[in-house]
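Step one of this worksheet: look at the structure below.
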Amino acid sequence: MSIDIVAQTVLEQRKEKDRWLRESPHSPLSSEDRKNFQGLSYFPYDPQFQVKAKLHRYPNPQQITMTTSIGTQDLFLRYGYFEFKLEEKTYTLQAYKSHHADSLFLPFRDGTSGKESYGASRYLDIKEHELDDYTIDFNLAYNPYCAYSDSFSCPLPPTENWLSVQIRAGEKNYTRLAE
C-alpha cells in the first residue's frame, strides 16, 4: 500500500474516532465535554513511525500484573517482544495479551509523554498472526480512556515499555476545551 493511501486511511480513522467521541453514548467524554468537543489533537502522519518489527514469542509466556491508573492490578500474559529500528537505533517493546482480547497489547511511554502526549501512556493494539514479521504503526497510537476521564481505570506500562525516543505520532495529549 502506498504511503498516501495509508496516510489517508489514518486520517479517515481519526475523523471517525472524533465523531464517535462526540456522538456515542459510550464515549469516555462527559456529556459536557462532548458538547464542546472539536476533535482530538494528533501528531501529523509521519511514515517514519511505521516500522517493521520482529515478534519474538516467549516459549513459556508468564502472567504479570500491571498497576492501573487508579492503583488496582490487571492481569496480562507477557507474550513476547517486538524488536524494531527507529532513527538508526534498535528498540524493544513487550507485547502483552489480555484474557479478554485476541490482539497484542503494546502500552508504552516515550519522550513525548507528559509533554505533548498523555503522561501515563499511549496504546497500540496489533492483530496477531502466525508469522513473526509485523508492521507497527505508531501513527495509530491512542490514549487510554483515563486520559479523558478520571473515572476509568487504565493499565500503566511497565518500565520495560518506556522508550527513550520521542514517538511524535498518534494522539497528542487531550485537553478539554473549557480548560
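The values are calculated or read from the model by the stated rules, or taken from the named source; none is laboratory data. Only a predicted model underlies this, so the values are computations on that prediction, with no experimental measurement involved. So basically every Cβ, Gly included, is an ideal-geometry build from the backbone, and we count neighbours across all protein chains shown.
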Every residue in the range 66-97 that is surrounded by fewer than 17 Cβ atoms within 10 Å (Cβ to Cβ) and polar (S, T, N, Q), please.
T67, T72, Q73, T90, T92
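Determine, yes or no, whether A120 is small (G, A, S) and within 16 Å of T67 (Cβ to Cβ). Working first, answer last.
Numbers: small (G, A, S): yes; within 16 Å of T67 (Cβ to Cβ): yes.
In short, yes.
Any residue at all in the range 132-155 that is over 28 Å from F37 (Cβ atoms) and either in contact with a helix residue (DSSP H, G or I) (Cβ under 8 Å, 6 or more places away or on another chain) or outside any strand (DSSP E or B) (or both)? Step through it out loud before you land on a result.
From the range 132-155, those over 28 Å from F37 (Cβ atoms) are 132-136; that's our starting set.
Filter once more, keeping what is either in contact with a helix residue (DSSP H, G or I) (Cβ under 8 Å, 6 or more places away or on another chain) or outside any strand (DSSP E or B) (or both): 132.
Looking for residues that are over 28 Å from F37 (Cβ atoms) and either in contact with a helix residue (DSSP H, G or I) (Cβ under 8 Å, 6 or more places away or on another chain) or outside any strand (DSSP E or B) (or both), one finds at least one in the range 132-155, hence yes.
Inspect the range 62-71 for any residue being more than 30 Å from H99 (Cα to Cα), at pLDDT 95 or above and in contact with a strand residue (DSSP E or B) (Cβ under 9 Å, 6 or more places away or on another chain) and give the result as yes or no. Talk me through it step by step, then tell me what you get.
Quick first cut of the range 62-71, residues more than 30 Å from H99 (Cα to Cα) only: none.
No, the range 62-71 contains no residue that is more than 30 Å from H99 (Cα to Cα), at pLDDT 95 or above and in contact with a strand residue (DSSP E or B) (Cβ under 9 Å, 6 or more places away or on another chain).
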So A141 passes all but one of these: (1) of a type in the set (A, V, I, L, M, F, W, C); (2) within 13 Å of the chain's Cα centre (by Cα); (3) over 20 Å from A53 (Cα atoms). Which condition number does it fail?
(3)
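P47: within 22 Å of Y148 (Cβ to Cβ) and surrounded by 13 or more Cβ atoms within 10 Å (Cβ to Cβ), yes or no?
Numbers: within 22 Å of Y148 (Cβ to Cβ): no; surrounded by 13 or more Cβ atoms within 10 Å (Cβ to Cβ): yes.
Here the answer is no, as P47 does not meet what is asked.
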How about the range 115-131: which of its residues are in a loop (DSSP other than H, G, I, E, B) and within 15 Å of S41 (Cβ to Cβ)?
K115, E116, Y118, G119
Taking the condition of being farther than 19 Å from A141 by Cβ and part of a loop (DSSP other than H, G, I, E, B), how many residues in the range 67-109 meet it?
7
Given the conditions (1) touching a Pro at 6+ places or on another chain (Cβ under 8 Å); (2) buried (at least 16 other Cβ atoms within 10 Å of the Cβ), report the number of the one that F152 does not fulfil.
(2)
